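Everything below concerns the one structure shown next.
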Amino acid sequence: MENSEIIDSLKSNQSSPPEDVNVKTGEKFVIVLIGEKKFALPELIVQEIIIENEIHYLPFTPHYIRGLINRQGEPYSVVDLQILFSNQMLEAKKFVILRNSVDKMSFIISDILKIVFINSNDIHFIKDQNDKDAYFHSSITHENDEIPVVDVQKIVIRIQDDLE
Amino acid sequence: MTLSNNGCCDFLNIHYEKIEIYINKSQFYSSIMLNEVKDSGLQNIYFQKIIQFGEQEVVLFDLNAFIHSNFHAVTKGSVKLCFVSDVSAYNRTIKEYLKSDIIACLIPSSSEIKSIALRELKLLPHVLSEALEKKGIIACSLCSHTISYLIDLEKVLSFAINTKVE
């Protein structure tokens with residue numbers, strides 16, 4: 001069997017991508033700790049949190065992609081947001097698995113803090129972006145903290161640009 | 001090569017610490033032990049040697065060094081085995097560089113032929129798969145503390161030739 005046939009066979013066995021999730025920003029968020037900083041993720045895009053998975057090195061990828069982890073036999077890429085945001089590798093053992101069976105992506109995090117309901121008044125969309133907001137589309141106000149909401153699509157676009 | 005009745009395919013399984021490399025058995029046709037090597041005159045560090053294969057001198061691709069440096073793989077045991085591939089159907093860049101239709105590839109001696117069920121192989125995450133496929137990584141398999149990468153020899157050769165490693 002030629003490699004092209006193997007690839008075609010694996011692709012035909014792959015499940016179809018899910019319908020677009022209507023991510024209702026401004027409702028529930030998962031607040032995570034990455035290093036010393038808090039970040040928020042829309043609850044709808046978080047599949048699960050897993051702990052203590054070994055990261056397998058994956059060559060030819062940007063430095064903020066730490067490698068692959070094994071989630072139920074499927075390879076998930078591990079994106080280190082701390083490297084992306086501040087060029088420092090995160091020493092941690094928890095992973096947020098994102099709800100997207102096609103992209104199979106996870107973020108490495110220090111801890112998950114809470115899941116909170118945020119009123120729309122406390123959600124602030126970022127209109128004029130500068131470099132430091134490049135990966136966030138909004139922020140939420142919670143217990144006097146202003147917490148940026150990670151824009152996963154921008155992370156994906158950054159990865160695609162760096163791989164070209 | 002055809003898929004066997006139980007959905008398995010034969011691969012060359014190259015063993016490293018915590019990493020396994022699979023190469024489709026259809027991508028090589030013979031093997032020899034490393035014999036007297038000479039300089040090839042090529043600058044690329046992966047292609048600097050030639051060995052004797054029958055009555056021919058063929059360029060030796062140091063696949064072990066390529067995997068070691070790119071996959072951060074630690075070699076197990078000696079590195080004295082070579083498999084021989086016909087590159088006549090490969091892209092022009094490879095054939096022009098090698099000036100031959102045959103190449104020998106150096107691998108660890110502990111390598112073996114293994115039958116693997118296709119259901120054990122998984123495509124890489126979509127955002128990465130296209131770019132990695134161009135560099136020769138086309139699928140992987142995860143098992144407890146080990147990851148196995150299925151690599152395509154033609155794409156790996158293209159990438160190695162085009163990488164300035166002198």
When the Karplus curve 6.51 cos²θ - 1.76 cosθ + 1.60 is applied with θ = phi - 60°, which whole-Hz ³J(HN,Hα) does each residue of segment B:71-81 get, with x for Gly and Pro?
9, 6, 8, 9, 5, 10, x, 7, 10, 9, 9
Tell me, what is the percent relative contact order of segment B:1-147, built from C-alpha pairs under 8 Å that lie six or more residues apart?
27 percent
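Rank these residues by their accessible area, most exposed first, probe 1.4 Å: A:LYS104, A:LYS127, B:LYS38.
Largest to smallest exposure gives the sequence A:LYS127, B:LYS38, A:LYS104.
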Mean projected area in nm² (Cα convex hull; one quarter of hull surface) for the protein assembly as shown
19.0 nm²
With the crude spin-label approximation of a point 7 Å out along Cα→Cβ, what separation in nm comes out for A:GLU36 versus B:ILE45?
3.9 nm
Taking H as built 1.01 Å from N, whose amide H comes closer than 5 Å to the amide H of B:PHE53, not counting residues under 5 places away?
B:VAL58
Hey, if you drop one equal point scatterer on each alpha-carbon of chain A and run the Debye formula without solvent, what base-10 log of I(q)/I(0) do you get at q = 0.18 Å⁻¹?
-1.22
Just the number, please: percent antiparallel of the DSSP beta bridges in the protein assembly as shown, rounded to the nearest 5.
85 percent
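Carbon-plus-sulfur fraction of the accessible area of segment B:4-84, 1.4 Å probe, in percent?
Values: 1880 of 3860 Å².
Summing carbon and sulfur atoms, their accessible area is 49 percent of the total for segment B:4-84.
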Heavy-atom surface of chain A, accessible at 1.4 Å and reported per residue (Å²)
53 Å²
Number of partner chain Cβ atoms within 10 Å, mean per residue of A:74-84:
2
Solvent-accessible heavy-atom area per residue, rounded to whole Å², over chain B at 1.4 Å
47 Å²
Roughly how big is the B-A contact, given as buried accessible area in Å² (both sides, 1.4 Å probe, nearest 100)?
3100 Å²
Using Cα-only point scatterers and the Debye equation, what is log10 of I(q)/I(0) for segment B:83-140 at each q in 0.16, 0.22, 0.28 Å⁻¹, rounded to two decimals?
-0.81, -1.03, -1.02
Rough spin-label spacing in nm, given labels placed 7 Å along Cα→Cβ, for A:LYS114 and B:ASN35
7.4 nm
Nearby lysines by direct alpha-carbon distance to B:LYS38 (threshold 29 angstrom, same-chain neighbours under 8 apart not counted):
B:LYS25, B:LYS49, B:LYS76, B:LYS80, B:LYS95, B:LYS99, B:LYS135, B:LYS155, B:LYS164
Along the Cα→Cβ direction, 7 angstrom out, place labels at B:SER144 and A:SER4. What is the inter-label distance in nm?
3.9 nm
Is there a simple number for the mean count of other chain Cβ atoms within 10 Å of the Cβ of residues in B:104-112, and what is it?
0
Regarding chain B, what are the three Cα extents along the principal axes, ordered largest first, in Å?
42, 31, 31
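The values are calculated or read from the model by the stated rules, or taken from the named source; none is laboratory data. Predicted model only: the values in this text are computed from it and were never measured. All Cβ positions, glycine included, derive from the backbone under ideal geometry; neighbour counts span all protein chains shown. To get the accessible areas, we keep the full protein, side chains included, count just its heavy atoms, and leave off ligands, DNA and RNA. Shrake-Rupley method; radii C 1.70, N 1.55, O 1.52, S 1.80 Å.
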